[in-house]
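**Student:** Starting off with a structure, shown below.
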Amino acid sequence: MTVTSAERSAMLRARELGAAVLGTTSPNPAVGAVVLAADGSVAGEGATQPPGGPHAEVQALAAAGERARGGTAVVTLEPCAHTGRTGPCADALIAAGVARVVVAVPEPTELAVGGADRLRAAGIEVELGVEQDEAELGALGPWLTGVREQRPQVIWKVAATLDGRVAAADGSSRWITGEQTRAAVHRLRATCDAVVVGSGTAVTDDPQLTVRDADGRNAGRQPLRVVVDRRGRVPETARVLDDAAPTLVSRAAGPAELLAELYERDVRRVLLEGGPTLAAAFLRAGLVDEVAVHLAPKLLGAGPSLVGDLGITAIADALQFETVEILPSGGDVQLRLRPTRHTGGRQSVREGS
Ligand SMILES: NC(=O)c1ccc[n+]([C@@H]2O[C@H](COP(=O)([O-])OP(=O)(O)OC[C@H]3O[C@@H](n4cnc5c(N)ncnc54)[C@H](OP(=O)(O)O)[C@@H]3O)[C@@H](O)[C@H]2O)c1
């Protein structure tokens with residue numbers, strides 16, 4: 001596979017463009033595209049628009065205009081060959097006269113597959129699988145989880161002290177982390193289609209669960225707020241039930257059922273915001289794809305711990321994670337982790353919940 005350095009830079013940019021529209025495209029994938037002119041310079045950029053709007057390639061081609069002719073389209077997902085709410089992207093690339101298409105992730109669905117073949121049949125050079133892992137672990141992750149597992153991607157976010165406490169013994173939990181870290185949580189929420197808490201958190205903390213700006217005002221598109229409340233414990237006056245954003249009060253018996261319910265509503269990326277009991281249920285069911293741990297340089301010595309009982313009694317059975325990113329955040333530290341699914345033991349077992 002020969003890929004030029006200009007194409008690699010364009011692929012990095014395409015991933016960024018896709019990441020920038022996360023949370024606005026579901027149930028469609030958050031794709032990024034860059035069109036390079038024949039001389040290798042950037043001629044146009046695009047990203048998936050909300051459902052019904054243009055796909056990334058079409059946007060990038062429109063921005064490039066005539067400069068696309070003889071150029072290269074660099075896209076995070078194989079251009080589609082089917083007519084859905086919009087026409088096939090493969091045909092748009094052919095019509096624009098590009099000479100080459102560089103793709104990260106081959107199309108995994110029966111419905112839209114065939115784009116690369118159609119492009120090749122039109123005499124266009126196609127490279128598939130360029131930096132595929134990076135694209136899969138990035139903005140395409142939620143959509144791919146949906147295609148492969150018919151459920152949304154789940155990111156469990158938790159703020160804890162150094163000794164892993166998520167609240168003090170008296171129940172107070174605001175604010176464990178500092179301003180900068182809390183702002184990061186709002187940005188993370190904005191990339192998700194739904195934010196989920198258990199009834200315990202809704203009752204104890206009474207969070208609003210909206211996306212807010214630095215001044216505390218609700219800002220931009222709001223994800224669906226979800227409270228899992230099997231016994232109807234959450235009072236009507238709870239802030240999560242206000243009219244600042246849509247809310248679903250779910251009686252789903254377990255995480256798998258809840259995720260199925262959300263998937264049906266076109267949710268592809270879920271931020272699980274706790275608390276420890278619900279988080280434990282998701283972990284036991286093997287339904288956490290990524291963890292965002294925000295650690296504050298504080299000690300409490302008592303209070304609820306980060307996660308509830310996982311049914312683990314031996315160190316050999318410990319849930320194992322790999323560290324994807326460590327980010328200093330004001331005085332705090334943000335950790336991004338992924339479960340290591342290939343280890344033996346409980347992790348590979350879907351226990352139900
Ligand atoms: N620092 C942080 O990041 C953070 C985040 C969240 C919470 N917290 C703290 O956590 C504490 C609350 O903890 P918590 O464990 O009670 O909260 P939780 O996990 O939000 O709620 C637990 C409740 O969720 C319900 N639930 C619904 N579906 C469930 C399922 N499949 N499995 C298990 N439970 C399910 C259960 O009640 P029903 O059976 O009645 O439905 C359960 O009692 C508070 O002190 C809060 O401050 C901290």
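Values in this text are rule-based calculations from the coordinates and carry no lab data. Since the model is a prediction, treat every value here as computed from it, not as a measurement. All Cβ positions, even for glycine, are placed from backbone atoms using ideal geometry, and neighbour counts span all protein chains on display.
**Student:** For the chain, with the dipole built from +1 on Lys and Arg beta-carbon atoms and -1 on Asp and Glu ones, taken about the Cα centre, which of Leu140, Ala99, Val196 lies farthest toward the positive end?
**Tutor:** The listed residue farthest towards the positive side: Val196.
**Student:** Could you please report the charge total around Arg13, scoring K, R as +1 and D, E as -1 over all other residues with beta-carbon less than 15 angstrom from its beta-carbon?
**Tutor:** Details: positive: Arg8, Arg15; negative: Glu7, Glu16, Glu45, Glu57, Glu131, Glu134.
Local charge sum for Arg13: -4.
**Student:** Just check the stretch 5-139 against the gyration tensor rule for me: Cα atoms, a ≥ b ≥ c as the square roots of the eigenvalues, rounded for a/c under 1.5, and otherwise prolate or oblate depending on whether a/b exceeds b/c.
**Tutor:** Details: a/c = 1.31, a/b = 1.15, b/c = 1.14.
The shape class here is rounded.
**Student:** Let me ask something else about it. Taking the Cα centre of the stretch 5-139 as origin, sum charge times position over the Cβ atoms of Lys and Arg (+1) and Asp and Glu (-1), and report the length of that vector in debye to the nearest 20.
**Tutor:** Values: 9 positive and 17 negative charges, 72 e Å.
For this selection, approximately 340 debye.
**Student:** Neighbour counts of other C-beta atoms within 10 Å: give me Trp156, Trp143 arranged from fewest to most. Don't jump to the answer; show the numbers that get you there.
**Tutor:** Working: Trp156 25, Trp143 28.
So the residues, fewest neighbours to most, are Trp156, Trp143.
**Student:** Work through the residues other than Asp163 whose Cβ is under 15 Å from its Cβ and net out their charges, Lys, Arg +1 and Asp, Glu -1.
**Tutor:** Values: positive: Arg165, Lys298; negative: Asp332.
Summing Lys/Arg as +1 and Asp/Glu as -1 gives +1.
**Student:** Going by average Cβ density within 10 Å per residue, which order do the peptides 258-270, 20-32, 325-337 take, highest to lowest? Mind dumping the intermediate values first?
**Tutor:** Numbers: 258-270: 21.2, 20-32: 24.2, 325-337: 15.8.
Descending mean neighbour count gives 20-32, 258-270, 325-337.
**Student:** How many angstrom lie between the C-alpha centres of the stretch 1-41 and the stretch 82-130?
**Tutor:** When both Cα centres are located, 14 Å separates them.
**Student:** Just how far, in whole angstrom, is the stretch 154-201 from the stretch 231-289 if you go by their alpha carbon centroids?
**Tutor:** Measuring centre to centre over Cα atoms gives 15 Å.
**Student:** Which of these, Ala96, Ala316, Ala202, has the largest mean-square fluctuation under a Gaussian network model of the chain (Cα springs below 10 Å)?
**Tutor:** Highest fluctuation among the options: Ala316.
**Student:** What's the exposure ranking of Val75, Val185, going from fewest to most Cβ atoms within 10 Å? Don't skip to the answer; put the middle values down first.
**Tutor:** Details: Val75 30, Val185 20.
By the 10 Å Cβ count, ascending, the order reads Val185, Val75.
**Student:** About its Cα centre, how strong a charge dipole does the chain have in debye, to the nearest 20, once Lys and Arg get +1 and Asp and Glu get -1 at the Cβ?
**Tutor:** Working: 36 positive and 43 negative charges, 107 e Å.
Taking the Cα centre of the chain as origin, the dipole is about 520 debye.
**Student:** Under 1.5 on a/c is rounded, so check that first for the chain, then, if it is not, pick prolate when a/b is larger than b/c and oblate when it is not; a ≥ b ≥ c are the square roots of the alpha carbon gyration tensor eigenvalues.
**Tutor:** prolate
**Student:** If you take the beta carbon distance between Thr4 and Glu110 as r and set R0 to 35 Å, what does 1/(1 + (r/R0)^6) give as a FRET efficiency, to the nearest 0.05?
**Tutor:** It comes out at approximately 0.60.
**Student:** If you take the square roots of the eigenvalues of the alpha-carbon gyration tensor of the stretch 170-291 and sort them as a ≥ b ≥ c, do you get rounded (a/c under 1.5), prolate (a/b over b/c) or oblate? If you can, show how the numbers build up before the last one.
**Tutor:** Values: a/c = 1.35, a/b = 1.26, b/c = 1.07.
In terms of gyration-tensor shape, rounded.
**Student:** Which ³J(HN,Hα) values in Hz, rounded to whole numbers, follow from the phi angles of the stretch 6-22 under the Karplus curve 6.51 cos²θ - 1.76 cosθ + 1.60, where θ = phi - 60° and Gly and Pro get x?
**Tutor:** 5, 5, 5, 4, 5, 5, 4, 5, 5, 5, 5, 5, x, 4, 5, 9, 3
**Student:** I've got another one for you. Dipole of the stretch 213-255, Cα-centred, from +1 at each Lys and Arg C-beta and -1 at each Asp and Glu C-beta, to the nearest 20 debye?
**Tutor:** Details: 8 positive and 6 negative charges, 62 e Å.
The dipole of the stretch 213-255 has a size of about 300 debye.
**Student:** If you don't mind, there's one more thing I want to ask. For the stretch 194-222, list residues with backbone N below 14 Å from a point placed 7 Å from the Cα of Glu179 toward its Cβ?
**Tutor:** Hits in the stretch 194-222 for Glu179 at 14 Å: 213-217.
**Student:** With unit charges on the beta carbons (Lys and Arg positive, Asp and Glu negative) and the dipole taken about the Cα centre of the chain, which residue among Val307, Thr323, Ala10 sits farthest to the positive side?
**Tutor:** Positive-most Cα among the choices belongs to Val307.
**Student:** Mean residue ellipticity at 222 nm from the helices of the chain, using -39,500 (n - 2.57) per DSSP H segment of n ≥ 4 over the full residue count, to the nearest 500 deg cm²/dmol? If you can, show how the numbers build up before the last one.
**Tutor:** On the way: 10 runs with 93 residues, N = 353.
Calculated from helices alone, the mean residue ellipticity at 222 nm is -7500 deg cm²/dmol.
**Student:** How many nm separate the modelled label positions at Arg120 and Arg13, each set 7 Å beyond the Cα in the direction of the Cβ?
**Tutor:** 2.8 nm
**Student:** Please compute the net charge surrounding Ala116, taking Lys and Arg as +1 and Asp and Glu as -1 over other residues with Cβ under 10 Å from its Cβ. Display every interim value, and only then the final one.
**Tutor:** Working: positive: Arg118, Arg120; negative: Glu78, Glu107, Asp117, Glu127.
Neighbour charge sum, excluding Ala116 itself: -2.
**Student:** How would you order 275-287, 239-251 from highest to lowest mean count of nearby Cβ atoms within 10 Å? Please report the intermediate quantities before stating the final value.
**Tutor:** Working: 275-287: 22.4, 239-251: 15.3.
Descending mean neighbour count gives 275-287, 239-251.
**Student:** How much length is gained if the chain between Asp133 and Thr313 is pulled fully straight, taking 0.36 nm per residue apart and subtracting their Cα-Cα distance, in nm to one decimal?
**Tutor:** Details: separation 180, 0.36 × 180 = 64.80 nm, distance 3.42 nm.
Using 0.36 nm per residue and subtracting the Cα-Cα distance, I get 61.4 nm.
**Student:** On to the next question. For the stretch 42-58, take each phi angle, set θ = phi - 60°, evaluate the Karplus expression 6.51 cos²θ - 1.76 cosθ + 1.60, and give the result in whole Hz per residue in order, putting x for glycine and proline.
**Tutor:** So the Karplus estimates, Gly and Pro as x, are 6, 9, x, 10, x, 8, 3, 8, x, x, x, x, x, 6, 4, 4, 5 Hz.
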